[in-house]
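Undergrad: Okay, handing you the structure first.
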Amino acid sequence: MYPLRRNRRLRTNDAVRHLVRETILTPSDFLVPLFVVEGKGIKEEITSMPDYYRLSLDNLEKEVKELWSMGLCAVLLFAKVPDALKDNKGVEALNPDGLMQRAIKTVKNACPEMVVMTDVAMDPYSSYGHDGIVEDGIVLNDETVELLADMSVSHAQAGADFVAPSDMMDGRILSIREALEEVELFHTGIMSYSAKYASAFYGPFRDALDSAPVDLKNVPKDKKTYQMDSANRFEAITETQADIDEGADIVMVKPGLCYLDIVREIRNEVDVPVAVYQVSGEYAMLKAAAEKGWLDHDAVMMEQLIAFKRAGANIIASYFAKDAVKLMG
């Protein structure tokens, strides 16, 4: 006897499938990463990230206006700092007229309603390429946290809506929150990279910012003493809950595809928005495979993005944001 219930009835055609679809992407799901550089008239393609660019501030202004017109309402800024301004103390990070601070003002002047989030980390400013101050082969925690708190205040004073510490130092969320409160920046939010793993997928990003750890004696060769071990699952809950307790408004899992289980674990455990970062290596792999004709670029891109949201992410930081929105029509 044939079954009374035939599940395929709900898959009959596109209209039916759209009608009963459980997970839907919208432009407001995305956070758009943008790389800024000094100069004028610069739109420089990142070699390991095809179709993605470093932008001078004049082109940043054009870009954010285009994003807003497409319904993309949030950006995450990263500054590529000239080598001459890098040191082991992150001094340039606190320059009120630094590249990041001017980028924030550029976005806000061009598009006041655009949500501006900023990368808070030392590696773009570090002569050693680390997310903290290095001394005797060790990345110092507490001294770095002080710098991150001051950096966050500087970004907020320039107009950032959210600061996004990506360093994985212990206790930095509390220090940043206290620093913001001390200067009455009560409305500045914190999006914490709460479960950031020591991943092999970050290579193209480090090319984009020239921020890879340098190979020198007494400098750690990687970031494994502060970024999380990719084998660990429950540690992500501990890290995330600590950040929420310290004052984080949004928490993030990074990278994305290999850590969908972590996104779901955290979504099940916390009651704040959860972000996920589809990182540069994930972007570059699909671009390379599509160039070879091995994968359908748009179909795989959308499948991946749906997976992030289905896993429980409220916010998706992705280099594919513009491409995805164009497909949404």
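Undergrad: Over the stretch 46-123, calculate the relative contact order: mean separation of alpha carbon pairs under 8 Å at least 6 apart, over the residue count, as a percent. Kindly include the intermediate steps, with their values, before the conclusion.
TA: Numbers: 60 pairs, mean separation 31.9, N = 78.
Worked out over the stretch 46-123, it gives 41 percent.
Undergrad: Of the listed values [x] 0.99; [y] 1.04; [z] 1.02, grab the one calculated as Rg/Rh (Cα atoms, Kirkwood Rh) from the structure here.
TA: [x]
Undergrad: Tell me the per residue accessible area of the stretch 149-194 using a 1.4 Å probe; a whole number in Å² is fine.
TA: Using a 1.4 Å probe on heavy atoms only, each residue of the stretch 149-194 averages 35 Å².
Undergrad: Kindly sort His155, His297, His187, His18 by accessible area of their heavy atoms, largest first, with the probe set to 1.4 Å.
TA: Numbers: His155 0, His297 35, His187 175, His18 110 Å².
Descending accessible area places them as His187, His18, His297, His155.
Undergrad: Can I ask one more? Considering only protein heavy atoms, what per residue accessible area in square angstrom results for the stretch 198-329 with a 1.4 angstrom probe? Before the final figure, lay out the partial values.
TA: Working: 6160 Å² over 132 residues.
I get 47 Å² per residue for this part.
Undergrad: Non-local amide H neighbours of Ser230 (under 5 Å, H modeled in plane, Pro and chain starts lacking H): which ones?
TA: So Ser230 has HN proximity to Ala198.
Undergrad: Then there's this: Direction-averaged shadow area of the convex hull around the Cα atoms of the stretch 163-211, nm²? Walk me through the numbers on the way to the answer.
TA: Working: hull surface 17.1 nm².
Projected area, direction-averaged: 4.3 nm².
Undergrad: Additional query: Can you list which of the chymotrypsin sites (Phe, Trp or Tyr not before Pro) found in the stretch 216-310 are DSSP loop residues with at most 11 other C-beta atoms within 10 Å? Could you put the intermediate results ahead of the total?
TA: Numbers: sites: Tyr226, Phe234, Tyr259, Tyr277, Tyr283, Trp294, Phe308; in loops: Tyr226, Trp294.
Passing sites in the stretch 216-310 are Trp294.
Undergrad: Roughly how many percent of the accessible protein surface of the chain is carbon and sulfur, given a 1.4 Å probe and a whole-percent answer? List each step's numbers first, then the result.
TA: Working: 7750 of 15430 Å².
Carbon and sulfur atoms account for 50 percent of the accessible area of the chain.
Undergrad: Shifting gears a bit: Within the stretch 1-155, how many Lys pairs sit with Cα atoms under 18 Å apart, leaving out pairs fewer than 8 places apart on the same chain?
TA: Lysine pairs, 8 or more places apart or on different chains, close enough: 13.
Undergrad: Still on this structure, I have one more. How large is the convex hull of the C-alpha atoms of the stretch 1-139 per residue, in Å³?
TA: Values: hull volume 27.7 nm³, N = 139.
Per residue, the Cα convex hull of the stretch 1-139 comes to 199 Å³.
The values are calculated or read from the model by the stated rules, or taken from the named source; none is laboratory data. Owing to the predicted nature of the structure, the values given are computational and were not obtained by experimental measurement. Methodologically, a virtual Cβ is constructed for each residue, glycine included, from the backbone with ideal geometry; neighbour enumeration extends over all protein chains shown. For accessibility, only protein heavy atoms count, side chains too; no ligands or nucleic acids. Shrake-Rupley method; radii C 1.70, N 1.55, O 1.52, S 1.80 Å.
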